[in-house]
Amino acid sequence: MNDTICSIATTLGVGAISIIRVSGNEALKIVSKIFSKNLVDVSTHTIHYGYIKNKEEIIDEVLVSVMLKPKTYTMEDVVEINCHGGIETTNKVLELLLLNGCRLAEPGEFTKRAFLNGRIDLMQAEAVSDLINSKTDKARKIAINGLRGNGSNLIKKLREDLINIISNIEVNIDYPEYEDIYEVTIKDIKEKVLTLKNSLTKIINEYEDAKIIQDGILTAIVGRPNVGKSSLLNRLLNEEKAIVTNIEGTTRDIVEGEILIDGIKINIIDTAGIRKTDDVVESIGVKKSLDIINKATLTLLLLDNSKELTKDDLELLEMTKDRTSIVVINKDDLESKLDLTKLKNRNIIYINTLSNDGIESLKNEIKKLFNLEKLDTSDYNYITNVRQIAKIKECLVNIEDIEKGLQENTPLDMLEIDLKTIWDTLGSIIGESYDEELLDNLFSKFCVGK
Ligand code: GDP
């Protein structure tokens, strides 16, 4: 952490401006070596116009922002060079910084320093990454709430409640002779543990909603060849993405596309016609299709209204019967030959992809299935990070142990150990305790320059 790091903070490409970020004790000194003005004694949060120079050669005309510690992203001295966008210029400036004493930052190293210097906690650091990677407005809302510390505050509050009961127990154990000390009862512990359990369970339940907001709903369109899968995909995507033909088995590759329903991403996959075949190319598609059904959160099983149900249709109906699925009956414009008795207890929507009839009803059915309207009015205070959720689940396992202990009259000091473990685990969510490996792994997923 003692060295001064630098990195290109913007995307390397042709653009109006590129920003190169420098952070560390030597930031001002190093940049001054290649800048036309000495920055060492300038005031904090000031912008300076000048030239980046390699000895006498002028490399670029730039604006340099100087931000002195501690009010900076990393809580170190930070200098940002705004140079002209363009690969050559940007790389040249970066190269000069490296030659003059900077080290190239690792991915996420600026944010790692912000964490290690105490400006943000680990949950907030992870929210930075989520914010950068958010793909919908709702995902962005969750991430910015995380960055503002809403999740961290919730965890801190739970820890605070826990430490109160732990310290009460400790006083009871250490000073049994004092009569004026409140004696913690088993009932007290039971109540506290139940409250904690409810709060943690709520986080886990909400995580399911949040996952949908963040990652979208992976939706597979399946059906035997020629039922209209590509036509439906095109209708949903409003573009000619998949090839539509009347020759069976033309959709051989899995086509992916995204639509938004109520701000939630629906990631659509149009699988190749599921049909047992000797055709080598097609069988690769078929194998992929079966995999996709297993992976998908939602399956749209397409049937052809104008044909009797085939063995393949029945097989697909069987395969999807216990999954979240909608049976979409296409070609509603043609006379029906379907045996509806085989579709009892299924969620059915009729469509006609030639005229677009029924597409809105299909979207509404998806909304209903995933309660998307409810998600719309939520406050976006979700915990969505897989690492954090895994820790919360760990706490719930410990709570079960405590509950068992309470039933079996386990001594207070034993219960206290479990409570402390929960306190520690909650602490590791916000980064009160961590190991280097965790940090390296976590920040390596960040982009360079962040
Ligand atoms: P896929 O093999 O399941 O992807 O099916 P396609 O989307 O390629 O469609 C197969 C054939 O059915 C094409 O000739 C489409 O024009 C036709 N088709 C698709 N949807 C409808 C529909 O709603 N009504 C009618 N009459 N024909 C349709």
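The values are calculated or read from the model by the stated rules, or taken from the named source; none is laboratory data. Remember, predicted model here, so these are calculated numbers, not experimental data. Using ideal geometry, Cβ is built from the backbone for each residue, glycine included, and neighbour counts are taken over all protein chains shown.
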For Asp332, indicate whether it is of a type in the set (D, E, K, R) and either in contact with a Phe, Trp or Tyr (Cβ under 9 Å, 6 or more places away or on another chain) or buried (at least 17 other Cβ atoms within 10 Å of the Cβ) (or both).
-> yes
Test Leu369 against the criterion of being over 37 Å from the mean Cα position of the chain (by Cα) and more than 12 Å from the ligand (Cβ to nearest atom), and give yes or no.
-> no
Would you check if there is a residue in the stretch 155-163 being of a type outside the set (D, E, K, R), modelled with pLDDT of 95 or more and assigned to a helix (DSSP H, G or I)?
-> yes
Among the listed residues Leu354, Leu362, Leu334, which satisfies the condition of being at pLDDT 90 or above and in a helix (DSSP H, G or I)?
-> Leu362
Candidates Lys445, Lys450, Lys363, Lys420 - the one that is in contact with a strand residue (DSSP E or B) (Cβ under 9 Å, 6 or more places away or on another chain) and farther than 30 Å from Thr320 by Cα | Lys450
Look at Asn133 and say whether it is under 23 Å from the mean Cα position of the chain (by Cα) and free of Cβ contacts under 8 Å to residues at least 12 places away in the same chain.
-> yes
Exactly one of (1) at pLDDT below 95; (2) surrounded by fewer than 14 Cβ atoms within 10 Å (Cβ to Cβ); (3) within 16 Å of Ala9 (Cα to Cα) is unmet by Gly86. Its number?
-> (2)
Residue in the stretch 355-386 that is farthest from Phe443 (Cα to Cα), counting only those that are among the small types (Gly, Ala, Ser) and surrounded by 15 or more Cβ atoms within 10 Å (Cβ to Cβ) | Gly358
Quick one: is Leu147 in contact with a helix residue (DSSP H, G or I) (Cβ under 7 Å, 6 or more places away or on another chain) and modelled with pLDDT of 90 or more?
-> yes
Kindly indicate the residue of the stretch 365-384 that is aromatic (Phe, Trp, Tyr) and under 20 Å from Ile144 (Cα atoms) and also modelled with the lowest pLDDT among those meeting that condition.
-> Tyr380
Filter the stretch 99-137 down to the residues that are in contact with a strand residue (DSSP E or B) (Cβ under 7 Å, 6 or more places away or on another chain) and at pLDDT below 90, then identify the one that is surrounded by the fewest Cβ atoms within 10 Å (Cβ to Cβ).
-> Lys135
Is at least one residue of the stretch 75-88 among the β-branched types (Val, Ile, Thr), in contact with a Lys or Arg (Cβ under 9 Å, 6 or more places away or on another chain), closer than 30 Å to Ile52 by Cα and not assigned by TED's automatic domain parsing to the domain that holds Ser43?
-> no
Within the stretch 406-450, count every residue that is in a helix (DSSP H, G or I) and of a type in the set (S, T, N, Q).
-> 5
Answer yes or no as to whether Thr299 is among the β-branched types (Val, Ile, Thr), away from the ligand (no atom under 13 Å from the Cβ) and without any contact (Cβ under 8 Å) to a residue 12 or more places away in the chain.
-> no
Would you be able to say whether some residue in the stretch 434-444 is in contact with a Gly (Cβ under 7 Å, 6 or more places away or on another chain), exposed (fewer than 15 other Cβ atoms within 10 Å of the Cβ) and outside the structural domain of Ile163 (by TED's automatic domain parsing)?
-> yes
How many of the residues making up the stretch 199-234 are in contact with a Lys or Arg (Cβ under 9 Å, 6 or more places away or on another chain), in a strand (DSSP E or B) and within 16 Å of the ligand (Cβ to nearest atom)?
-> 3
Based on what the data block shows, is Ser355 of a type outside the set (Val, Ile, Thr) and within 14 Å of the ligand (Cβ to nearest atom)?
-> yes
Please specify each residue of the stretch 6-25 satisfying the condition of being buried (at least 20 other Cβ atoms within 10 Å of the Cβ) and closer than 10 Å to Asp77 by Cβ.
-> Val22, Ser23, Gly24
Positions within the stretch 1-45 being outside any loop (DSSP other than H, G, I, E, B), of a type in the set (Ser, Thr, Tyr) and within 35 Å of the chain's Cα centre (by Cα), in sequence order | Ser7, Ser18, Ser23
